[in-house]
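Every number in this text was worked out from the coordinates using simple rules, so none of it is lab data. Predicted, not measured: the structure shown is a model, and the values here were computed from it. Glycine gets a Cβ as well: all are built from the backbone with ideal geometry, and neighbour counts include every protein chain shown.
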Amino acid sequence: MLVLPAELTHAQAEACLRMLLQAARAEAQPRILVDASALLRFDSSALAVLLECRRECLGDGKGFAVRGLPPRLRELAGLYGVLGLLPDPAASQETVLAAA
């Protein structure tokens, strides 16, 4: 699992993306899970980092999911129309359980 830092703004975006991509490429799992629960301070650059990481993972034939997306960032992703590109495995599990 990859973990986002507490702060991810434009100033940290490039370095954070490099770190995530390096870790994702080294990961042997078929799906990359990013933990965003530590995010406290962020801007729209956090979404750009997650979307680029997703693009690279899919290009490498790996799945991609994000858990713990802060409510404000989830809201921003919804406003931009990209929330569906950042699936939360816990939400998917809740949907399956609710349907059963």
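Values for this structure:
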| read-out | value |
| --- | --- |
| The chain: relative contact order as a whole-number percent, Cα under 8 Å and 6+ apart | 29 |
| Residues ASP35 and GLU7, FRET efficiency given R0 of 25 Å [Cβ-Cβ distance, rounded to 0.05] | 0.95 |
| Point-charge dipole on Cβ atoms (K/R +1, D/E -1) for the chain, about Cα centre, debye to 20 | 80 |
| Cα Rg, Dmax, the chain, angstrom units | 13.2, 45 |
| Extended-chain gain in nm, criterion 0.36 nm per residue less alpha-carbon gap, ASP43 and ARG72 | 9.5 nm |
| Between segment 66-92 and segment 28-57, the alpha-carbon center distance in angstrom | 10 |
| Qualifying GluC sites (Glu not before Pro) for the chain [loop in DSSP, other Cβ within 10 Å: at most 16] | GLU27 |
